[in-house]
Structure formats: structure tokens, C-alpha cells
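Undergrad: Here you go, one structure.
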Amino acid sequence: MAFDTSYASPRQAIVFFERRELTRLLSLYGRMVSAGEWRDYAIDGLSESAMFSVYKRSSEAPLYRIEKRPSLARKQGAWAVIGQGGMILRRGHELEQVLRFFDKGRFKVVD
């Protein structure tokens, strides 16, 4: 029996993180939680991008969004770190390169 699917709405592909990328993001998250910088996170898979948002408190806007946007892979790079105001703090072609934004020395614990 054949089905006519010409009238069916096409499902848009959703962009999401690969296992290796998600493992790296969660590793960074764990390091920042242990340093007392971050407390919560959210993961969103959308039609044009995937976002990993981190929060100091879950009731606030995200401190940072790490965004994967494959449509920009050949231009500025698919990866970006976006700050609270929506400003792009770092952009690049490789996840590791972009995550260097969070390296030690950038953040200092103040008593």
C-alpha cells in the first residue's frame, strides 16, 4: 500500500550538538560550577542554531550562550560565545578555539 505524502508538511531539520561537542561543553560547565561561577544551564536545538546557555541563577538571563550556527561555518565560523547583552565575545571555526574564552586567568575569585 502506497501513501501519498505530497501534502505532508516537511519537517525542518534541527541543529544540535554532536556527542563530542556536548561532552566538551558539559566538561567546561562542570569546571565552572566547581569554581562557583555558574549554577545552571539550558540546551536548545533550533532550526538554524544550537545553543548552550549558562546561568549564575536560573531565574536570570543567561550569562553566556555558546552557539553553534552551521550556516556561518564557511564565513566567520560556526561557533560563537555571546554575552548577556547579545554581544559576540568570541567567534571561530573550532569549538576548542572559542572555548579558550573561558580559560583560567580570565576569571578570578574575589573575596
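Undergrad: Contact list please: Cβ distance under 8 Å, first residue in the stretch 14-25 and in contact (Cβ under 8 Å) with a residue 40 or more places away in the chain, second residue charged (D, E, K, R) and surrounded by 11 or more Cβ atoms within 10 Å (Cβ to Cβ), pairs at least six apart or on different chains.
TA: Listed by first residue and then by second, the contacts come to VAL15/GLU48; VAL15/LYS68; VAL15/ARG69; PHE17/LYS68; GLU21/LYS68.
Undergrad: Something else about it: Quick one: in the stretch 70-111, which of the residues that are among the charged types (D, E, K, R) and either under 18 Å from GLY36 (Cβ atoms) or part of a loop (DSSP other than H, G, I, E, B) (or both) is modelled with the highest pLDDT?
TA: It comes out as GLU94.
Undergrad: Out of all the residues in the stretch 30-64, which are free of Cβ contacts under 8 Å to residues at least 12 places away in the same chain and of a type in the set (S, T, N, Q)?
TA: Listed by number, the residues that qualify are SER34, SER59.
Undergrad: Which of (1) farther than 15 Å from PHE17 by Cα; (2) outside any helix (DSSP H, G or I); (3) under 15 Å from the mean Cα position of the chain (by Cα); (4) not small (Gly, Ala, Ser) does GLU67 not meet, given it meets every other one?
TA: The failed condition is (1).
The values are calculated or read from the model by the stated rules, or taken from the named source; none is laboratory data. Please read these numbers as outputs of a predicted model, since none were measured by experiment. Here Cβ is always computed from backbone atoms with ideal geometry, including for glycine, and neighbour counts include all displayed protein chains.
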